[in-house]
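What follows is a single structure, written as structure tokens, with notes after it.
The values are calculated or read from the model by the stated rules, or taken from the named source; none is laboratory data. Given the structure is predicted, the values throughout are model-derived calculations rather than measurements. Here the Cβ positions follow ideal geometry from the backbone for every residue, glycine too, while neighbour counts run over all protein chains shown.
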Amino acid sequence: MKQAALLLALLAAPVLAADDPLTRPITTSYTDRWMQPRAPIQIYGKTWMAGSVHLNTAVIDTGAGLVVIDAGLPQFEPQLKAQIRSLGHKPSDVRYILVTEAHFDHAGGVAALARDTGATVIASPYTVAALRKGQTGVEDPQNGDLKPFPSPKRLRAVPDGGQIKLGDTVITARFTPGHTAGSTSWTWQSCAPKTGCRAMVFMASLSATAADTYRFSAPEHAPVVASFRQSFAKAKAFPCDYLITGHPEHSLTDDKVAAAMRTPGSVSWEDKGACAATVTRFEDRLNTTLAREAAK
Ligand SMILES: [Zn+2]
């Protein structure tokens, strides 16, 4: 009996070794979309949009290492490393991983990517605390609907307006709370030799998404609505030539992404109105939700 158990353990060993807790799949009904592979897309200069067809990650080549913004699902991380290699870099070139929000669809893969690259993870103080726990708290409008995710090591908090400098690039943290209390957008300049520098934005989700029982109009949630309003005003005023959103559908049409994948270089991503237009859609969503709640 003992020998049989030992034999079973030996047979099972390779399977156990392959089960990486940091890239273990988080099951969701959206996984088909969020895992759908695509090649990285050059947005402008040395800024790339990596990730899957329906979850974006930014990769910025600073000339002295890479900065990555968001990392998608845990199970996507091996693909993200392959995308970094396809751009001619090593995963160990990643120096910083910046996080827009502590939800599993954007931050789930951060722990594995930080481990595999040695990078430092930078986020707002709220997001750093949530990353330590692998989830946000009861104050999150989506509390109860969210999957816990692996917690990364080497975390560093940045204040609102704080700058991350690496190589030729300076990236500014701009707190845009609402969707989570720690949501942070990131802005930087990306430059190209002949056409100069442009203002780049990776905007955190400003989507008023909530669990079924949550009411944005409840008096105790007035501060959440107020922080959304402040973030809308702030994000509309970002210097914004190029916009990347974690969920592409917040700022782009599927057609545009599909065209860029079909014929690389065929699509211009420059859109000075993208930040304002995207924020207006988020604003409409919150207003519609508040109106629906009031009608009940
Ligand atoms: Zn979220």
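Tabulated values for the structure
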quantity: Selection within region 189-248 - polar (S, T, N, Q) and away from the ligand (no atom under 14 Å from the Cβ); calculated: Q189, S190, T195, T213, S217, S227, Q230
quantity: The one condition in (1) assigned to a loop (DSSP other than H, G, I, E, B); (2) within 16 Å of the ligand (Cβ to nearest atom); (3) more than 20 Å from I244 (Cα to Cα); (4) at pLDDT 95 or above that G178 fails to fulfil; calculated: (3)
quantity: Residue count for region 102-158, restricted to those that are under 22 Å from V225 (Cα atoms), within 11 Å of the ligand (Cβ to nearest atom) and not hydrophobic (A, V, I, L, M, F, W, C); calculated: 6
quantity: Search result, residues across region 59-77 that are surrounded by fewer than 24 Cβ atoms within 10 Å (Cβ to Cβ) and touching an Asp or Glu at 6+ places or on another chain (Cβ under 9 Å); calculated: D61, T62, G63, A64, G65
quantity: From the options A181, A112, A123, residue that is within 16 Å of the chain's Cα centre (by Cα) and more than 30 Å from A233 (Cα to Cα); calculated: A112
quantity: Single residue of T213, T209 found to be assigned to a loop (DSSP other than H, G, I, E, B) and surrounded by fewer than 13 Cβ atoms within 10 Å (Cβ to Cβ); calculated: T213
quantity: Some residue of region 137-150 being touching a strand residue (DSSP E or B) at 6+ places or on another chain (Cβ under 9 Å) and crowded, with 17+ Cβ neighbours inside 10 Å; calculated: no
quantity: V257 being at negative phi and at pLDDT 95 or above; calculated: no
quantity: Wholly enclosed strands (runs of 3 or more DSSP E) of region 82-173 bearing at least 3 residues under 22 Å from A50 (Cα atoms); calculated: 94-98, 120-123, 163-166
quantity: Cross-chain or 6+ apart pairs with Cβ under 7 Å, region 268-296 first and more than 20 Å from A237 (Cβ to Cβ), then in a loop (DSSP other than H, G, I, E, B) and of a type outside the set (V, I, T); calculated: T289/A208; T289/F216; L290/F216; L290/S217; E293/R215; E293/F216; E293/S217; A294/S217
